[in-house]
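Novice: Just dropping this structure here.
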Amino acid sequence: MTAANEAKAILQRLGVNDAVWGGALPTRSPIDGSSAGGLVETADLEGVVARSVEAFHQWKRVPAPRRGELVRLLGEELRASKNDLARLVTLEAGKIVSEGLGEVQEMIDICDFAVGLSRQIYGLTIASERPGHHMRETWQPLGPVLVISAFNFPVAVWAWNACLALVCGDPVIWKPSEKTPLTAVATQAVFDRALARFGNAPAGVGQLVIGGRDAGEALTTDPRIPLVSATGSTRMGRAVAQTVAARLGRSLLELGGNNAMIVTPSADLDMAVRAIAFSAVGTCGQRCTTLRRLLVHESIADALVARLAAAYETLPVGDPRRDGVLIGPLVDEAAGAAFDAALRQVEAEGGEIVVGGNRVDRDGVYVRPAIVRMPAQSAVVQHETFAPILYVLTWSDFDQAVAMQNAVPQGLSSCVFTDSVREAEGFLSAWGSDCGIANVNIGPSGAEIGGAFGGEKDTGGGRESGSDAWKTYMRRQTQTVNFSRELPLAQGVKFDV
């Protein structure tokens, strides 16, 4: 069975209405290039936003713990549909089976987090300088939230945003990547089942928009949407940020990464090799947290590269549905062309391809992950190529290594492998890594939902998922109550009438 036909069968099993088919938006599986047919694009964007605004007026009046009940039900429905949704992620995004299952588990986990959060949306009490006054800070629902997600995490990113937004009192409009619309349609069907069980949620509390770039741009300009959460390229994020800022809205951006691992002489190289392999080639290098730069002390570089090259030679590339396969396809031919172009640029800039870098002859865009030794952080190293290319550079002084780590435009994730407390703590200090994520003795990818996820510089500065990322979806309000019979003014101002 072709990948597309298998996907269509899963959608039918999940109860997706046949009315979604027969449109102009193409579908294609990167596994074998097969198509499930065209999807109908959402035409009434005005109606979508209007319904979301109306839903907000009702949803913000629902107590937060009750809003959390909807997310709890969503988590139950996701558990019941986990295998089917995970299979769709594999079929449409090309992830291996365990990664597809992991992505759906991430959705389930953020549901659990958000349900707990629904009873912990807290504020502050603040000492007032005026007698008989009580001052406090509270958090209130913000309004409709637009979520624009990328192909590489076709469902988890929606869940990160939607679960928090819903318990915070905000309806959600989801515009998924046009490269992975089927997983979005399936997830919406699962969400609709949770809505039906909830019973009295307002229509429009969670809506899906199917379409291309034009649909995303139109929604981004709408002043009735106070927050746009966008995941994708830095180029896309700049466009979104400028559009939203022009109307004084908020944008939550999760953009490019150019993540590095520093390996020191004291590092456990067995651990480092395993961490490098997964971080650099998982999802065929198509994660924003993919390891792209390996910064190795000059005394161990040759030995480590030799071990990595041997490991790369054994990595199974092929149909991600098959047992034992660790590397599936790139998402499309454009990604393959970027892979090829980057390797040509490597050679032009004095680099050496140690292993890999070639196409695999089969339907779909399959490549052998490449390890490249570079003389410096040249232009190709500074640029994020969304493909499995690992650039290896050497250093002699730890401060030099940290400076190299920070000397790229992106600032998402970073890590160091060392057994030195001084090196580890220096890397985590104010003068260490400048990224939003910094790890010691683990790779840069595979973040847990309990911590806030995001980065600095060209990564956009946004934070999603855990910790206090929920505050992004709310508006802050300082409140003062005078319970006395006097009317003193702040700062000792006198204004007697």
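The values are calculated or read from the model by the stated rules, or taken from the named source; none is laboratory data. Being a predicted model, the structure only gives us computed values, none of them experimental. No Cβ is skipped: glycine too gets one built from the backbone with ideal geometry, and neighbour counts run over all protein chains shown. Areas reflect the complete protein model, heavy atoms only, side chains present, ligands, DNA and RNA absent. Shrake-Rupley method; radii C 1.70, N 1.55, O 1.52, S 1.80 Å.
Novice: What number of residues within segment 198-235 are more than 18 Å from Pro171 (Cβ to Cβ) and assigned to a helix (DSSP H, G or I)?
Specialist: 5
Novice: Just name the residue that is nearest to Thr27 (Cα to Cα) out of those in segment 349-372 that are open to solvent by 60 Å² or more (accessible area, probe 1.4 Å) and not polar (S, T, N, Q).
Specialist: Let us first name the residues in segment 349-372 that are open to solvent by 60 Å² or more (accessible area, probe 1.4 Å), namely 352, 358-359, 361-363, 368.
From what's left, not polar (S, T, N, Q): 352, 359, 361-363, 368.
Working: Glu352: 37, Arg359: 23, Asp361: 22, Arg362: 20, Asp363: 16, Arg368: 25 Å.
Here the residue is Asp363.
Novice: Kindly indicate whether any position in segment 260-275 is in contact with a Cys (Cβ under 8 Å, 6 or more places away or on another chain), among the β-branched types (Val, Ile, Thr) and farther than 30 Å from Ser35 by Cβ.
Specialist: yes
Novice: Listed residues Glu298, Glu313; which is surrounded by fewer than 19 Cβ atoms within 10 Å (Cβ to Cβ), in contact with a strand residue (DSSP E or B) (Cβ under 6 Å, 6 or more places away or on another chain) and modelled with pLDDT of 95 or more?
Specialist: So the residue among Glu298, Glu313 that is surrounded by fewer than 19 Cβ atoms within 10 Å (Cβ to Cβ), in contact with a strand residue (DSSP E or B) (Cβ under 6 Å, 6 or more places away or on another chain) and modelled with pLDDT of 95 or more is Glu298.
Novice: Where in segment 337-437 are the helices (runs of 4 or more DSSP H), entirely inside, with at least 2 residues that are modelled with pLDDT of 95 or more and within 22 Å of Ala311 (Cα to Cα)? Show your work before the answer.
Specialist: Numbers: elements: 379-382, 398-406, 421-427.
Hits in segment 337-437: none.
Novice: What are the pairs with Cβ atoms under 8 angstrom where one residue, in segment 88-103, is among the polar types (S, T, N, Q) and the other, located anywhere, is in a helix (DSSP H, G or I)? Sequence gap at least six, or different chains.
Specialist: That search, which allows pairs on different chains as well, returns Thr90/Val97; Thr90/Glu99; Thr90/Gly100.
Novice: Would you mind finding the one in Arg238, Arg321 that is free of Cβ contacts under 8 Å to residues at least 24 places away in the same chain and either outside any strand (DSSP E or B) or farther than 30 Å from Val421 by Cβ (or both)? Steps first, answer last, please.
Specialist: Numbers: Arg321 fails: free of Cβ contacts under 8 Å to residues at least 24 places away in the same chain.
Result: Arg238 is the single residue among Arg238, Arg321 that is free of Cβ contacts under 8 Å to residues at least 24 places away in the same chain and either outside any strand (DSSP E or B) or farther than 30 Å from Val421 by Cβ (or both).
Novice: Does Arg28 count as in contact with a Pro (Cβ under 9 Å, 6 or more places away or on another chain), charged (D, E, K, R) and touching a residue at least 40 places away in the same chain (Cβ under 8 Å)?
Specialist: Numbers: in contact with a Pro (Cβ under 9 Å, 6 or more places away or on another chain): no; charged (D, E, K, R): yes; touching a residue at least 40 places away in the same chain (Cβ under 8 Å): yes.
No.
Novice: Name the strands (runs of 3 or more DSSP E) wholly inside segment 117-195 in which the number of residues that are open to solvent by 10 Å² or more (accessible area, probe 1.4 Å) is 3 or more.
Specialist: Values: elements: 124-126, 133-141, 145-148, 172-175.
Of the strands (runs of 3 or more DSSP E) lying wholly inside segment 117-195, those with at least 3 residues that are open to solvent by 10 Å² or more (accessible area, probe 1.4 Å) span 124-126, 133-141.
Novice: I'm trying to understand the selection: among the residues of segment 240-268, which are open to solvent by less than 50 Å² (accessible area, probe 1.4 Å), over 30 Å from His297 (Cβ atoms) and hydrophobic (A, V, I, L, M, F, W, C)?
Specialist: Passing the criteria: Val240, Ala241, Val244, Leu252, Leu253, Leu255.
Novice: A follow-up question, please. If the Cβ limit is 7 Å and pairs must be 6+ apart or interchain, which residue in segment 186-210 that is among the basic types (Lys, Arg) pairs with which residue that is crowded, with 17+ Cβ neighbours inside 10 Å?
Specialist: Listed pairs, sorted by first residue: Arg193/Glu77; Arg197/Leu73.
Novice: Among the candidates Pro375, Pro388, which residue alone is of a type outside the set (Lys, Arg), touching a residue at least 40 places away in the same chain (Cβ under 8 Å) and either crowded, with 19+ Cβ neighbours inside 10 Å or closer than 20 Å to Val263 by Cα (or both)?
Specialist: Values: Pro375 fails: touching a residue at least 40 places away in the same chain (Cβ under 8 Å).
Only one candidate qualifies: Pro388.
Novice: For the subset of segment 473-497 comprising residues that are assigned to a helix (DSSP H, G or I) and open to solvent by 40 Å² or more (accessible area, probe 1.4 Å), which member is modelled with the lowest pLDDT? Before you say what the answer is, go through the steps one by one.
Specialist: Within segment 473-497, the first condition is being assigned to a helix (DSSP H, G or I), and the residues that meet it are 473, 490-492.
Right, trim to open to solvent by 40 Å² or more (accessible area, probe 1.4 Å) and you get 491-492.
Numbers: Gln491: 93, Gly492: 90.
This residue is Gly492.
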